[in-house]
Amino acid sequence: MTDLPDGERRPTNLEELRRHGPNLCEAAIRVHAEQVHDELAAERDRWSKGFTRRRLVQGAGFVGVAALGAQLVTSRVAFAAPEDTKGTLVVIFLRGGMDGLSVVAPGDDPNYRSMRPNIAIPTAALLPAGRGFGLNPAMAALYPFWQSGKMAAVHAVASPDASRSHFQAQDALERGAASVAVRTGWLDRVLAQMGPGTTFRAVAQGNALPRSLVGGEQAIVLNGIRDFRIDNDAMRSQTMEALKTLYTGLDHSLAGTAASTIQAINTAQKIANSQYRPLEGVQYPGGGLADRLKDIAQLMKAGVGLRVAALDVGGWDMHTNLGRVDGGDMRNSLTNLSEAIGAFATDLGPLLDNTTVITMSEFGRRVQENGNVGVDHGHGNAMLLLGGGLNGGKVHGAWPGLAPGALDQGDVAGANDYRDILAEMLKKRFNVQDSAAIFPNHQFKTLGVFKG
């Protein structure tokens, strides 16, 4: 062990370090804070001229923030509260390649039934959506929003990247560009255009930062608001004080990270400790998506300045057992998705008017069903939209149809570029006007999905 200025001894191995806190991360922070405090007192006279705490903490290797950043939160420097925090974008990425023809079905197209003899949805079971389309009956929980004009869809949506690789297609979609020269995510660039915001202006619900939020802007990964904390509440105040000792007034960008993290933990702790009650009559279904959407609703109602929320839902790669209208993976997944989003939208109440929910998936599926009552990787897909400001109750965009000559190598043709839909949404709902800064090297067209 090493002697400290006040005679205390510093731990030199993990076993000794564990005695200083409820976990290694907090123990390291506390020990380091004590060292800084003691060395400041011992050296104050000798360094009376030109001393800055920046030198001392740099020499110690930033143990506190390094441990904090690795184990507690993915966060960047906090900003001042924005003047306008109206409007929240909720992006739900359906990973695996959702079959858009099972979600928004072209029920009047005879090619649809002839190419899907086992999995096509009977016309009588479809929820009428106009233009010869119908919604899957498993989406009954969302249909009232369709009927009231709060929900819409765009079909035959695609990325210019025609890869049938999940990884490559997801990467291109989340970067918002086919070119690998564009390294940041499209939502990160949206945040840059939106300008300064609060610590909670961008939240990813999950275990890792999604590709769409990678870049230089602030974002927090939140795997359940009740898990966003420093462990062991009984000892929490000691760790928070240690962090303040280390980084308050420090002339370094990591000081901003520490301050942002402290602010985020304090805010999340207050929200988590409050007993959240959804709007009367709203019952969220069980499961990860519903729980995460409930967290988003709680953050929005708490007024923490949430502008962008990103969520992932897996399980859409249905090569087998996609199923029929009365059972199978598609019915189960769509029921869960629809009931969770429906509860969220109802729970928001008036806040839904300032909210836009969109679903995205890396690609659609082939038109022809396979021999395992499923469908393989395809191209064109459907995108769902929910919230205020929509020209709702409609299926938008050019529809190429499913005639053999209209298909793209057996797939739904990509008649509508996903970037046009997102750019229109950003302009009309969030006043983000520079579409080229979000989606470079693209010629934009308006599809009329949003009002104004």
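Being more than 13 Å from SER102 (Cα to Cα) and without any contact (Cβ under 8 Å) to a residue 24 or more places away in the chain is the requirement here; does PRO400 meet it? No; evaluated as a whole, the condition is false for this residue. ALA345 falls short on exactly one of the conditions (1) modelled with pLDDT of 95 or more; (2) out of contact with any helix residue (DSSP H, G or I) (no Cβ under 6 Å at 6 or more places or on another chain); (3) of a type outside the set (D, E, K, R), and that condition is (2).
In the condition set (1) outside any loop (DSSP other than H, G, I, E, B); (2) without any contact (Cβ under 8 Å) to a residue 12 or more places away in the chain, THR346 is compliant with all but (2). May I ask you to list pairs of residues, at least six apart or on different chains, whose Cβ atoms are under 6 Å apart, with the first in region 425-449 being within 21 Å of THR88 (Cα to Cα) and the second being open to solvent by 30 Å² or more (accessible area, probe 1.4 Å) and of a type in the set (A, V, I, L, M, F, W, C)? Within 6 Å, the pairs are SER435/PHE444.
Okay, residues lined up against (1) open to solvent by less than 10 Å² (accessible area, probe 1.4 Å); (2) among the charged types (D, E, K, R); (3) within 24 Å of HIS319 (Cα to Cα):
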| residue | (1), (2), (3) |
| --- | --- |
| VAL373 | no, no, yes |
| ALA398 | no, no, no |
| GLN409 | no, no, yes |
| ILE438 | yes, no, no |
| GLN443 | no, no, no |
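Of all residues in region 359-368, one or more are within 20 Å of the chain's Cα centre (by Cα), touching a residue at least 24 places away in the same chain (Cβ under 8 Å) and surrounded by fewer than 24 Cβ atoms within 10 Å (Cβ to Cβ).
GLY314 falls short of the stated requirement of being at positive phi, in contact (Cβ under 8 Å) with a residue 24 or more places away in the chain and surrounded by fewer than 22 Cβ atoms within 10 Å (Cβ to Cβ).
Filter region 171-186 for residues that are surrounded by 22 or more Cβ atoms within 10 Å (Cβ to Cβ) and either out of contact with any Ser or Thr (no Cβ under 9 Å at 6 or more places or on another chain) or within 20 Å of GLY388 (Cβ to Cβ) (or both) and give the result. Result: ALA177, single match.
Determine, yes or no, whether ASP376 is of a type in the set (D, E, K, R), under 31 Å from the mean Cα position of the chain (by Cα) and more than 20 Å from GLY323 (Cβ to Cβ). Here the answer is no, as ASP376 does not meet what is asked.
Conditions (1) part of a loop (DSSP other than H, G, I, E, B); (2) touching a strand residue (DSSP E or B) at 6+ places or on another chain (Cβ under 6 Å); (3) at pLDDT 65 or above, marked per residue:
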position: ARG189; (1), (2), (3): no, no, yes
position: ASN207; (1), (2), (3): yes, no, yes
position: GLU217; (1), (2), (3): yes, no, yes
position: ARG229; (1), (2), (3): yes, no, no
position: GLU241; (1), (2), (3): no, no, no
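The values are calculated or read from the model by the stated rules, or taken from the named source; none is laboratory data. Only a predicted model underlies this, so the values are computations on that prediction, with no experimental measurement involved. Positions of Cβ are generated from backbone atoms using ideal geometry, with glycine treated the same way; all protein chains shown enter the neighbour counts. The protein model used for the area step is the full one, side chains on, heavy atoms only, and it has no ligands, DNA or RNA in it. Shrake-Rupley method; radii C 1.70, N 1.55, O 1.52, S 1.80 Å.
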